[in-house]
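Worksheet for the structure shown next.
The values are calculated or read from the model by the stated rules, or taken from the named source; none is laboratory data. The structure displayed is predicted, hence computed values, not measured ones. We place every Cβ from the backbone using ideal geometry, glycine too, and count neighbours over all the protein chains shown.
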Amino acid sequence: MKKYIIWMVACWLSLPLMGQNTMPSANDYDRISLNVFIPDQVENIPPAARSTLTSKLTQAVTKKGLAGAGASPRFLLTANMDVLAEDIVAGAPVRQTYQFEVSLFIVDFIDKITVSSTSFEVKGAGSNQTKAYTNAIKSIDFKHPKVDAFLEEGKVKIIEYYNSRCDFVIARAKAQASMRQYADAMTTLAGIPEVSKDCYMKAMDEMGPIYKEFADYNCQILISAASSCWAARPNTEGAQLAGALLTQIDPGSVCYGDALKLISRMEEKELKDENRDWKFIEKVFENQVMLESLRIRAWRDVGVAWGKNQQPTYNDIIWIFR
């Protein structure tokens, strides 16, 4: 009974997954992906001020063409603010004035190294600490040559990283794939920017075989789940649930034929028992991911979906501030 419940949950969860993939703009993958993240452990920055700082930094990297729209979560832009001096003037209202040192870092989250850094001083005043921090952040000119040079240095070093360590990055992806960590492997490869042309082309050569392994492995899981759905409910409802799973199978996978056979068995029973034509299931199935462009999109979607789920672990970058 327990296995039956698990498989039925899997069936129901599969339904909204169809059609979720969206094709990002090609330009999103041309650019270097630089994610902005300030860890919660930086407690000296009030939450509201941290949000303002994150927004300002995001605007800065977007204008520089470094927005984190790509798949890789590897490179981060983070910041810290240290109080150098403070002056609290009593009265109605109380006025708090601070002198801050703002430090910016571009870091390699995986290897735990600082790629580029800069710092500068700003002042902020307000009726409370949060307003003083926020006003100081709002006064920062992120178009200043010093900030621009900092971002440019980070961009150059990221490109140099992929150009000089391409073989190591690809070896990491292969090792991940060998352990069936396919999403990790494709994320590693998808994070290589197109501006690192030679490395990018090598990564694309490796992406296909790894995706094929993933598709074959995923196919076996989906076939098993669909078969269990159909065995539990050999009727119209079971056919719909099983079909929702089967339509997620890449037609290039090794068990594509088995999926077609299962659809044929379901169709035959439905025609016999309920006089219903289930040809549409096979038609939908055969039209899934048939073009090479859609297969490439699937590679990217796997990587991007994984990358978006990694942000909570970014709190580990607290090592930068120690």
Check on residue 237, free of Cβ contacts under 8 Å to residues at least 24 places away in the same chain and either surrounded by fewer than 21 Cβ atoms within 10 Å (Cβ to Cβ) or of a type in the set (S, T, N, Q) (or both): yes
Out of (1) out of contact with any Phe, Trp or Tyr (no Cβ under 6 Å at 6 or more places or on another chain); (2) within 28 Å of residue 35 (Cβ to Cβ), the one residue 85 does not meet is (2)
Practice item. Might you check whether a residue that is within 21 Å of the chain's Cα centre (by Cα), part of a loop (DSSP other than H, G, I, E, B), at pLDDT below 80 and of a type outside the set (Lys, Arg) occurs anywhere in segment 72-95? Key: yes
Residues of segment 163-182 being in contact with an Asp or Glu (Cβ under 9 Å, 6 or more places away or on another chain) and either farther than 30 Å from residue 220 by Cβ or not in a helix (DSSP H, G or I) (or both), in sequence order, are 163, 166, 180
Screening 149, 173, 132, 136 for residues that are small (Gly, Ala, Ser), modelled with pLDDT of 90 or more and under 22 Å from the mean Cα position of the chain (by Cα) leaves only 173
Those residues of segment 198-222 which are under 21 Å from residue 158 (Cα atoms) and more than 22 Å from the chain's Cα centre (by Cα) amount to 198
Checklist line | Test: residue 190 is over 30 Å from residue 45 (Cβ atoms), exposed (fewer than 14 other Cβ atoms within 10 Å of the Cβ) and out of contact with any Leu (no Cβ under 6 Å at 6 or more places or on another chain) | finding: no
Of the residues in segment 213-232 that are free of Cβ contacts under 8 Å to residues at least 12 places away in the same chain and among the hydrophobic types (A, V, I, L, M, F, W, C), the one that is nearest to residue 249 (Cα to Cα) is 221
Scanning segment 128-162 for residues that are under 13 Å from residue 98 (Cβ atoms) and either of a type in the set (A, V, I, L, M) or not in a helix (DSSP H, G or I) (or both) gives 128, 132, 136, 137, 139
Taking segment 101-129 and keeping residues hydrophobic (A, V, I, L, M, F, W, C) and over 21 Å from residue 151 (Cα atoms) leaves 125
Suppose the filter is surrounded by fewer than 18 Cβ atoms within 10 Å (Cβ to Cβ) and either within 30 Å of residue 107 (Cα to Cα) or polar (S, T, N, Q) (or both); does residue 205 pass it? yes
